[in-house]
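Below is one structure, written out as structure tokens; the observations come after it.
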Amino acid sequence: MIRSRANPDGLPFRVYERYGARVYSIGYKLPSGRWAYKYRCKVEDANQIRKLRRQAIEESTRVVHDAPEGGFKGLVDAWFVHQAELPTTDATKRADSTIAENKREAAMLTKAWGHFEVEEITAKMGIDYLKACKKTRPLKGNKEISLARLIMQHAIGLGMIETNPLNDIERNKVVEVKKRYVTHEEMTLAVEMGRKFGGARLIVALALKTAWLCVRRSFEVRQIKRESVTPSGILWTDSKSKTKPTILIEWSPELSATIYEAMEVKRNADAGTMYLFGNLRGEPYTKGGWKAMLDDLMRECVLEAKRRKMPFQKFSLQDCRPKGVTDKLERGDTDTKDATLHSSDAMIARHYDRTRSKKATPAG
């Protein structure tokens, strides 16, 4: 709490000066007790004292009082609040699925740095964080530091720090993982095993097939509702876009049979029917719950493939969209860009095309 001044000194509210034995100082103290700024000079330099006093008075009118308290953790929380309050038209607003991933990344950051003040975060701390992640989770470490850099940039906007200590930190070198193409035989076996065991594993298997047929992201498949099933096909929304564009994937015999089979899977008696690929209680799967059911399904697929002496590698929902894009490109479809709701053919080719061999006609 700020007390009344013992002696009126003509300074604005929260601006305080001190004449020490050797140093003069003046600054602005925030409600949290932290100094928004503080200037110093030699106490015998009367000319510099007048300049600093004038500067402190002028800057007191521009102080931002909404800087969060609670150190680095408080800043992280404030950044998420800031994101939530941004209008949908703002280019810096992140998609809900991205924010959900950012919250998992932020939990790791606050576990390491949550007890530090914002101004205590240094470049070396960022480098040490990346080193700790290098052996077991280098890519995740890179993403977490990238998020931390963005959050620290927010601190600059709030007037909490002057420069971002996490700028220009070299990220971990990550060996590129061979891009996965799910074969038709692997997809067929997954659906077969889903039907054999039924229940949750059948729901997961049919979701995998739907993600392939509709070239959709995993989040979109897990969150799709039954109301999106129309007489003409399935209406999907791009979960990564702030404008939420939609695409109707029209019925094919295979897609129609897959969707209606999923709708007929028996749920619990008291389950709702809102989510097409929800769990047996009718609720959308959490990321952890989905992973557990997928692991069960894949384990059965591996055992069956071994019995049949056929090749099989585990795959996930994330692998199904690239399979769908690759299959459409190899078939010569001209609507791949529309189906994915992307505006760039180059981006589609870079991220999703798993074509096993390139083909070209001769020059002559």
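FYI, it's all coordinate maths here, none of it is from the lab. Source: prediction; values computed, not measured. Every residue, glycine among them, receives a Cβ derived from its backbone with ideal geometry; neighbour counts consider all protein chains shown.
For this structure, a couple of remarks:
- Cα-centre dipole for the range 15-62 with unit charges at Cβ (Lys and Arg positive, Asp and Glu negative), debye to 20: 80 debye
- Under 21 Å of direct C-alpha separation, and excluding same-chain neighbours fewer than eight residues apart, Lys244 reaches these lysines: Lys93, Lys225, Lys337.
- Candidate lysines for bridging to Lys42, where Cα separation is under 27 Å - those fewer than 8 sequence places away on the same chain excluded: Lys29, Lys51
- Under the convention that each Lys and Arg Cβ holds +1 and each Asp and Glu Cβ holds -1, the size of the dipole of the chain around its Cα centre is about 1100 debye.
- Cα-based reach from Lys306 at 24 Å (exclusive), listing lysines while leaving out same-chain residues under 8 positions away: Lys178, Lys179, Lys196, Lys209, Lys291, Lys314, Lys323
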